[in-house]
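S.K.: Quick one: this structure, given as structure tokens, is what I'll be asking you about.
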Amino acid sequence: MTADAPKSSEFRYSITNDVSFLYQVYCSYIILYKNSNCEKGFLPPDLLKRSLNILVRKYYHPVAGWFQSRGDDIDVVFYTDKFNDPPFSTQTLDMDCATLSRHVSESNIELLVPKAPSGVIKPESPDIPMFLAQATYLESNEAVALGVNYHHSLMDGCAFWMFMNNWASLCKQLHAQGDRTEFDLP
């Protein structure tokens, strides 16, 4: 699949004029990737971030969007040429894979998922992202937990898993073949 971003345009769509709608409507997911081959440099942060940014810039522009309030109305804004790349953070923990797996199965979002914006969106709140990701690495290099928070108005669960499948596919292609400009997405 190849796709180029259209010429520069601002896209804006109104979400609601009911600010209570935007109060904590973020969905959180944690995915555990085990490094069963003990590969050195397993899912490096630069690969995850680069593939996320390419995926968003080429195929999923609204994921780079943010909320903006105008009076009583709240819009989602995104551009095809100027991106707020989705916030991506990393952390490294000193624990074994079994402990990390337990945290994933218990949905320990406080530890493994980036904190989503909370409360009501106000005009004085500048850019509030719709999608946030965090990679948690183990010092032992046994696994990586990928925590994601996204606003439910961005996508439903089915669309989220399609997005994640495409992100994983893009990661594999970049890892195997380095710099590319064309990708085959599932």
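The values are calculated or read from the model by the stated rules, or taken from the named source; none is laboratory data. All of these numbers come straight from a predicted model, not from anything done at the bench. Heads up, the Cβs are rebuilt from the backbone with ideal geometry, glycines too, and the neighbour counts pull from every protein chain shown. Heavy atoms of the whole protein, side chains included, go into the accessibility calculation; ligands, DNA and RNA do not. Shrake-Rupley method; radii C 1.70, N 1.55, O 1.52, S 1.80 Å.
S.K.: Please go through (1) at pLDDT 80 or above; (2) among the β-branched types (Val, Ile, Thr); (3) under 30 Å from residue 61 (Cα atoms) for residue 121 and return the number of the only condition it doesn't satisfy.
M.R.: Checking residue 121 against (1) at pLDDT 80 or above; (2) among the β-branched types (Val, Ile, Thr); (3) under 30 Å from residue 61 (Cα atoms), the one that fails is (1).
S.K.: Just wondering, is there one or more residues in segment 137-149 that are of a type in the set (Asp, Glu), modelled with pLDDT under 90 and either in a loop (DSSP other than H, G, I, E, B) or out of contact with any helix residue (DSSP H, G or I) (no Cβ under 7 Å at 6 or more places or on another chain) (or both)? Give the steps one after another, and end with the answer.
M.R.: Of the residues in segment 137-149, the ones of a type in the set (Asp, Glu) are 139, 142.
Among the residues that remain, those that are also modelled with pLDDT under 90 are: none.
Within segment 137-149 (the criterion being of a type in the set (Asp, Glu), modelled with pLDDT under 90 and either in a loop (DSSP other than H, G, I, E, B) or out of contact with any helix residue (DSSP H, G or I) (no Cβ under 7 Å at 6 or more places or on another chain) (or both)), the answer is no, since none of the residues qualifies.
S.K.: Additional query: Quick one: how many residues across segment 50-59 are under 13 Å from residue 175 (Cβ atoms) and open to solvent by 40 Å² or more (accessible area, probe 1.4 Å)?
M.R.: Selection size over segment 50-59: 1.
S.K.: Being in a loop (DSSP other than H, G, I, E, B) and surrounded by 19 or more Cβ atoms within 10 Å (Cβ to Cβ) is the filter here; which residues of segment 155-186 pass it? Steps first, please.
M.R.: Here is the first cut: in segment 155-186, the ones in a loop (DSSP other than H, G, I, E, B) are 155-156, 178-186.
Of everything in segment 155-186, those that are in a loop (DSSP other than H, G, I, E, B) and surrounded by 19 or more Cβ atoms within 10 Å (Cβ to Cβ) turn out to be 155, 183.
S.K.: Can you name every one of the strands (runs of 3 or more DSSP E) wholly within segment 1-106 that holds 3 or more residues which are over 20 Å from the mean Cα position of the chain (by Cα) and modelled with pLDDT of 95 or more? It would help to see each step written out before you state the result.
M.R.: Numbers: elements: 10-16, 26-34, 66-70, 73-79, 88-93.
In segment 1-106, there are no strands (runs of 3 or more DSSP E) which contain 3 or more residues that are over 20 Å from the mean Cα position of the chain (by Cα) and modelled with pLDDT of 95 or more.
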